[in-house]
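**Q** To start, I am sharing the structure in question, which I have written as structure tokens.
Only the coordinates and a few stated rules stand behind these numbers; no lab work does. All values reported here derive from a predicted model rather than from experimental measurement. Virtual Cβ from ideal backbone geometry, glycine too; neighbours counted across all protein chains shown.
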Amino acid sequence: NGRLQGKHALVTAAGAGIGRATALAFAREGAQVLATDIDAAALASLAQEQPAITTQRLDVTRAEDIRALIEGQDAIDVLFNCAGYVHAGTILDTDDDAWQRSFRINVDGMYWLCRAVLPGMLERGRGSIINMSSVASSIKGVPNRFAYGTTKAAVIGLTRSIAADYVARGVRCNAICPGTVKTPSLGERVRALGGDEQAVWRSFTDRQPMGRLGTPEEIATLALYLASDESSFTTGTTHVVDGGWSN
Ligand code: NAD
């Protein structure tokens with residue numbers, strides 16, 4: 001306990017899945033956590049589960065809301081950009097709307113949040129930014145993840161650029177690249193496909209060398225490490241956590 005004592009952390013998409021598990025892990029380790037999400041009900045249930053967490057509704061596609069939120073904060077030491085949107089399909093299945101929505105949520109929001117917190121981090125000479133990418137990115141071509149894989153590759157470029165620009169000024173920036181993790185949205189996507197749900201779950205686990213999916217907690221522990229000073233020599237990296245999927 002206390003690995004993040006004295007740090008202020010902002011987490012996006014903290015209502016469910018990996019973001020929620022990470023907000024809880026950060027709070028457990030002593031951070032002051034500002035948990036944000038587009039889903040107010042999810043935030044309310046998070047605040048109920050862990051009253052030490054402060055919550056605030058935030059849609060990462062709204063640049064003005066991001067600026068307003070950050071202006072009202074004292075200092076943010078840790079930013080975890082977790083929000084993301086999965087569009088399923090090949091390039092021929094991807095229309096302009098799906099393409100733009102993917103960039104808007106997966107890349108634009110991250111750009112705006114990084115821009116908003118960086119001046120404060122640079123002023124104080126410390127900060128850790130953690131960006132959610134995926135193995136489906138520049139690491140691995142995954143079928144039917146055209147727009148998703150493209151945006152998650154962009155996240156890696158964004159991450160490494162920020163890391164390079166501020167490497168000597170106390171601000172670190174790293175990306176997390178999970179394989180398939182069992183989260184509520186994955187369950188929704190399985191249900192949305194219709195048909196034999198068991199068979200769909202099997203198709204997810206069959207492509208896993210470990211024979212199982214990851215858990216949100218297994219990703220949260222990596223985010224916790226990158227947020228803490230234990231990772232003080234680590235910046236500009238892409239951390240794969242995928243049960244050996246991309247190996
Ligand atoms: P999830 O889908 O379970 O939860 C996502 C949360 O994001 C929800 O609470 C939702 O309300 C919120 N959200 C949606 N749109 C938003 C917006 N515009 N602004 C703010 N919040 C918004 O999430 P997850 O599966 O844990 O995924 C989290 C991140 O991890 C995403 O970036 C995703 O691409 C990435 N990722 C997930 C997996 C996986 O298998 N689950 C694998 C690799 C990467």
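**Q** Within the stretch 122-247, what percent of beta bridges assigned by DSSP are antiparallel, to the nearest 5?
**A** Roughly 0 percent of the DSSP beta bridges within the stretch 122-247 come out antiparallel.
**Q** Another one. Select from the stretch 200-247 those trypsin sites (Lys or Arg not before Pro) which occupy a DSSP coil region and have at most 14 other Cβ atoms within 10 Å, ordered by residue number.
**A** Counting only loop positions with at most 14 other Cβ atoms within 10 Å, the trypsin sites (Lys or Arg not before Pro) in the stretch 200-247 are R207, R212.
**Q** When the helix-only estimate is applied to the chain (DSSP H runs of n ≥ 4, each -39,500 (n - 2.57), divided by the residue count), what is the mean residue ellipticity at 222 nm, nearest 500 deg cm²/dmol?
**A** The helix contribution divided over the chain gives -13500 deg cm²/dmol.
**Q** May I pose another question? I'd like the distance between the alpha-carbon centres of the stretch 179-247 and the stretch 17-35, rounded to an integer number of Å.
**A** 18 Å
**Q** Now, a different point. Indicate the helices, whole DSSP H runs only, in the chain that combine a mean Kyte-Doolittle hydropathy of 0.0 or more with a Cα extent along their long axis of 30 angstrom or more.
**A** Passing helices, by number: 146-166.
**Q** Counting Lys and Arg as +1 and Asp and Glu as -1, what is the net charge of the other residues whose Cβ lies under 14 Å from the Cβ of D39?
**A** Combined, the nearby Lys, Arg, Asp and Glu give -1.
**Q** Still on this model: Taking the Cβ of each residue in E230, E71 as the centre, tally the other Cβ atoms inside 10 Å and list the residues starting with the fewest.
**A** E71, E230
**Q** Which of A21, A199, A116 ends up with the largest GNM mean-square fluctuation for the chain, with Cα atoms connected below 10 Å?
**A** A199
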